[in-house]
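Before I ask anything, here is the structure I am working with.
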Amino acid sequence: MQSVATETRTNPEVTRKSARVSGIDLALRAIEVRRQVIEFARDYPDMPFHLGGSLSCAEIMAVLLSGVMHTGVDGTPWEQRDRLVLSKGHTSLALWPALAQAGLLTQEDLDRGMLGPGAIIGKQPKRCVERGIELSGGSLGMGLGYAVGLALAARRKGLASRVFCVMGDGECDEGSVWEAASFAGHNSLGSLVAVIDANGLQLDGPTSQVLDSGPLSAKFAAFGFDVQVVDGHDVEALAEVLSLRSERPLAVIALTVKGKGLSCAENDVKWHDRCLDDDGYRRAVEELEAARREVLANAE
Amino acid sequence: MQSEGLRVCGLDAKVVFGETMARIAKNDPLLTVVVSDYGRRLNLDAMREELPSAFVQCGIAEQSQVEVASALANEGFHVLAPSYATFITSRVLDQVRVMLGMMRSPVILVGLSAGCEAGALGASHMALEDIACVRTIPGVTVVCPADNVELASVLEELASAPRPAYVRVSQYATDMCIHAQGVRREFGKAEVLRVGADAQVAILATGPLAGEALRAAERLSQEGVEASVIEFAVVKPLDTDALDGLAGKRLVVTVEDHGVQGGFGSAVAEHLSGVVGAPRVLRLGMPDEYLDADTPQHLLERAGLTAEGIAELVKAALA
């Protein structure tokens, strides 16, 4: 049923969306995601945003939404779109700009702010399927099970849709993650991709010290996944592995740096949910501008 | 009609669940039953033959069960998720909050062997807090059918118009087949089972103890105390019009095979607390403690939830 449905897409051999967005563009989009994360932090100085984890998954979000996924607003019929489940909803600051880059959120949506009844975006995602927000976030460990259900629904409907679930490595402490992983492996949900933003830190400290339960790659492999370990800040490498398909579910362990792009925050557990002051904001803007110039210089 | 109703009432409720699913599967290709290693007892072979893809097995993993069921429901399938009542409610309460509450996923949770039905297995398997847990979650419909005819009717109603819901199923040896002639009331409305002449007492019941409430009213009548009996299959949203009609009564009695804290009786008391001149409320249910393993009948007897026990407690309250 799956293979029949795949043919309904124009080019079933290429699961990567297209060559429209180049590696350079993806790298620039990731930097723009970081830039917007910093802007949110400045706009809401008292909000305990999860800046560290939002910055670590900037490439993942930009590559998924602009480089890999059929979003349903890119010519793919809406029902056949790929689904994105942000399981670690705490890092939604990176989701909003990436959704906007993909055309799923408008400037008006963003301008409605993050608080109150009129808000579309927020500290945690609130399900809004027409804007590509599949899951209400906040309670960790529920995304993979939900993504499994979406993948099962696609299989039953005969859709070629893929389902991407972005999780944190700390989040994998939750037992429900492994209930879902068992199901995915047992049922060979080849359309499912679990992307682990493995930044190595969680609220109480290094993930290896909080609850070191062995390498995630071996665990996902044991649960029946194909596993790819990749530099989570290398947009080309991410786009390549996220486009792989087989009969088995795929786990992409994206090795990342928490707080990436903001030198004072990198690999510092205090930046799990620290607020950004004026000085920090100014330095972040300068550093991200330098990173942008570097990408452009390397492109020439 | 009546003989079919009596046949259905005489079956195990789990068998009725399977019969009902098979019937729905004939006309509804979207039907889906997501189980957590509790499928074999649910008589689902006929449904699986009719619609193989309707059956989804999660293993002993109720968190995954609710998550998978919710995604399928939000993708348009008509999804039921049955398990032991306590495991499909309190064990997965955060999944129910997020998926059925916040996301309004139209999943029908089905809690089996609720109340004291699994009393022989001990406190871990009795579900005496499940109504309390689920009815605090905004937007989730809570239904406790009184017999198997009503169970089948409720499942068909919800599967045809899915919404976030919890159907609580319990069954005892002494149950009455109240709806042998079929269910005639509108979904969500309370049903008057007995009209007491100039009754000063109204006994309100949810679930299978509605039968004991009826027998209790007969006993009371023989002793000169007239009581009407009203069944509330739907605990949430509560039929408050029916409650408002009780304003002139001397005593309102609630009966349920659930803890006295937070269940149907609490819901009734919450509403009546805002009604000027409302009658006194006597809440009858299971004691606020974890009980040692015993037969359902012994557990219900000790809690005063037999016809005799209810009648005695009502007389004591009127004395």
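The values are calculated or read from the model by the stated rules, or taken from the named source; none is laboratory data. Not measured: the values here are computed from a predicted model. Heads up, the Cβs are rebuilt from the backbone with ideal geometry, glycines too, and the neighbour counts pull from every protein chain shown.
State whether one or more residues within the stretch A:131-141 are β-branched (Val, Ile, Thr) and either part of a helix (DSSP H, G or I) or farther than 24 Å from A:Gly232 by Cβ (or both).
Pass one, the stretch A:131-141, residues β-branched (Val, Ile, Thr): A:133.
The next check asks that each one be either part of a helix (DSSP H, G or I) or farther than 24 Å from A:Gly232 by Cβ (or both); those that pass are none.
For the stretch A:131-141, residues β-branched (Val, Ile, Thr) and either part of a helix (DSSP H, G or I) or farther than 24 Å from A:Gly232 by Cβ (or both): absent.
Among the small types (Gly, Ala, Ser), touching a strand residue (DSSP E or B) at 6+ places or on another chain (Cβ under 9 Å) and modelled with pLDDT under 95, is that true of A:Gly137?
So A:Gly137 fits the description; yes.
Out of all the residues in the stretch B:42-65, which are under 22 Å from A:Gly145 (Cα atoms) and more than 8 Å from chain A (Cβ to nearest Cβ)?
At the first step, the residues of the stretch B:42-65 found to be under 22 Å from A:Gly145 (Cα atoms) are B:52-65.
Within the stretch B:42-65, B:Pro52, B:Ala54, B:Phe55, B:Gln57, B:Ile60, B:Glu62, B:Gln65 meet the criteria.
Further, regarding this structure: Right, B:Val8: over 24 Å from B:Gly122 (Cβ atoms) and away from chain A (no Cβ under 14 Å) or not?
Details: over 24 Å from B:Gly122 (Cβ atoms): yes; away from chain A (no Cβ under 14 Å): yes.
When the stated conditions are applied, B:Val8 passes them.
Find the helices (runs of 4 or more DSSP H) located wholly in the stretch B:53-161 whose residues include 2 or more that are under 18 Å from the mean Cα position of the chain (by Cα), and list them. Give the derivation first.
Working: elements: B:62-74, B:130-135, B:148-160.
Passing ranges, in order: B:130-135, B:148-160.
For every residue, the table says whether it meets (1) touching a helix residue (DSSP H, G or I) at 6+ places or on another chain (Cβ under 6 Å); (2) within 10 Å of another protein chain (Cβ to nearest Cβ).
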{"residue": "A:Ile133", "(1), (2)": "no, no"}
{"residue": "A:Leu152", "(1), (2)": "no, yes"}
{"residue": "A:Leu159", "(1), (2)": "yes, yes"}
{"residue": "A:Val193", "(1), (2)": "no, no"}
{"residue": "A:Ala198", "(1), (2)": "no, no"}
{"residue": "A:Ala218", "(1), (2)": "no, no"}
{"residue": "A:Gly224", "(1), (2)": "yes, no"}
{"residue": "A:Asp234", "(1), (2)": "no, no"}
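Turning to a different aspect of this structure: How do the pairs read when you match residues in the stretch A:225-237 that are touching a residue at least 24 places away in the same chain (Cβ under 8 Å) with residues anywhere that are of a type in the set (Ser, Thr, Tyr), using Cβ under 6 Å and keeping only pairs 6 or more apart or on different chains?
What qualifies is A:Asp226/A:Ser246; A:Val227/A:Ser217; A:Val229/A:Ser217; A:Gly232/A:Thr256.
Let me ask another. Can you spot a residue in the stretch B:85-104 that is closer than 19 Å to B:Ala233 by Cβ, of a type in the set (Val, Ile, Thr) and more than 14 Å from chain A (Cβ to nearest Cβ)?
Initially, the stretch B:85-104 is screened for residues closer than 19 Å to B:Ala233 by Cβ, giving B:85, B:88-89.
After this cut, where a residue has to be of a type in the set (Val, Ile, Thr) as well, the list is B:88-89.
Add one more test, that the residue is more than 14 Å from chain A (Cβ to nearest Cβ), and what stays is B:88-89.
There is at least one residue in the stretch B:85-104 that is closer than 19 Å to B:Ala233 by Cβ, of a type in the set (Val, Ile, Thr) and more than 14 Å from chain A (Cβ to nearest Cβ).
Follow-up. Identify, by number, the condition in (1) surrounded by fewer than 20 Cβ atoms within 10 Å (Cβ to Cβ); (2) in a helix (DSSP H, G or I); (3) modelled with pLDDT of 95 or more that B:Arg41 doesn't meet.
Here B:Arg41 meets the rest and fails (3).
How do the pairs read when you match residues in the stretch A:75-99 that are on the phi < 0 side of the Ramachandran plot with residues anywhere that are of a type in the set (Phe, Trp, Tyr) and part of a strand (DSSP E or B), using Cβ under 8 Å and keeping only pairs 6 or more apart or on different chains?
A:Asp82/A:Phe164; A:Arg83/A:Phe164; A:Leu84/A:Phe164; A:Val85/A:Phe164
Kindly establish whether B:Ala307 is crowded, with 17+ Cβ neighbours inside 10 Å, under 19 Å from B:Met176 (Cα atoms), small (Gly, Ala, Ser) and out of contact with any Leu (no Cβ under 7 Å at 6 or more places or on another chain). It would help to see each step written out before you state the result.
On the way: crowded, with 17+ Cβ neighbours inside 10 Å: yes; under 19 Å from B:Met176 (Cα atoms): yes; small (Gly, Ala, Ser): yes; out of contact with any Leu (no Cβ under 7 Å at 6 or more places or on another chain): yes.
So B:Ala307 passes the test.
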